[in-house]
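Engineer: Encoded as C-alpha cells, here's the structure I'll be asking about.
The values are calculated or read from the model by the stated rules, or taken from the named source; none is laboratory data. Please read these numbers as outputs of a predicted model, since none were measured by experiment. Here the Cβ is made from the backbone with ideal geometry for all residues, glycine too, and neighbour counts use every protein chain on show.
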Amino acid sequence: MKKPTLLVLAALAACAPMPPGTASPPPPPPMAMAATAELTPGVYTTTLAEADIPAGAPAELRTGLVGAWEIAIHGPTHAVVTYNGRQVVDAPFSLQGNQITFTQDSGDYACNATGRYTWAMTSAGLRFTMIEDPCQGRVAALTAHPWVKRP
C-alpha cells in the first residue's frame, strides 16, 4: 500500500508552488506549423507570372504557363489540374511519406513522364520541391510558389 501513497505525494510535490526568488522556466518557443503527415484533399491554387518561368524556357512553354492554376486533390492517389479554369491534366500519383510521384498523367498538359517531389504543408500552403522531373512545365507550375488551399 505504500506505492499509491508515494505516487500521490510525488504528484502533489510536482504541483507545489516554487519557492520565492526562484525563476520560472522560460515559456516554450512558439510552434511553427509542422508538416502534415497526410496530403489533405482539397483544391489548392497558385498563379504563375512571366518572372516565374525559367529564362531558357521556349516561348510556347512561357505563354502556356502564365496564369491561374488549381490542383484538386481528390484522395490519396488522384488529382486534377486546371489552368485558367480549364482542366488540363488528370494526375494519378503515389505517396510515400513526404514524397509524391506523378505517373501516367493524361490531358492537354500531360507530361507522359514520371516526376518525383517532396511535399510539405507549411504556413504558406502546400509546397513542392523537385527531386527529379524531366517535364519543365510541371516543375515550374509545382515549385514556383506555395499552393494555397481554398476554403
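Engineer: When you scan segment 74-83, do you find a residue that is within 23 Å of Gly56 (Cα to Cα), in contact with a Cys (Cβ under 7 Å, 6 or more places away or on another chain) and either without any contact (Cβ under 8 Å) to a residue 24 or more places away in the chain or not hydrophobic (A, V, I, L, M, F, W, C) (or both), even just one?
Structural biologist: Of segment 74-83, the ones within 23 Å of Gly56 (Cα to Cα) are 83.
Okay, now just the ones that are also in contact with a Cys (Cβ under 7 Å, 6 or more places away or on another chain), so none.
Scanning segment 74-83, I find no residue that is within 23 Å of Gly56 (Cα to Cα), in contact with a Cys (Cβ under 7 Å, 6 or more places away or on another chain) and either without any contact (Cβ under 8 Å) to a residue 24 or more places away in the chain or not hydrophobic (A, V, I, L, M, F, W, C) (or both), so the answer is no.
Engineer: Something else now. Within segment 121-151, track down each residue that is more than 14 Å from Trp69 (Cα to Cα), buried (at least 16 other Cβ atoms within 10 Å of the Cβ) and touching a residue at least 40 places away in the same chain (Cβ under 8 Å).
Structural biologist: Hits for segment 121-151 are Met121, Gln136.
Engineer: Which condition does Thr46 not pass, out of (1) modelled with pLDDT of 95 or more; (2) under 24 Å from Thr129 (Cβ atoms); (3) over 16 Å from the mean Cα position of the chain (by Cα), if it passes all the others?
Structural biologist: (3)
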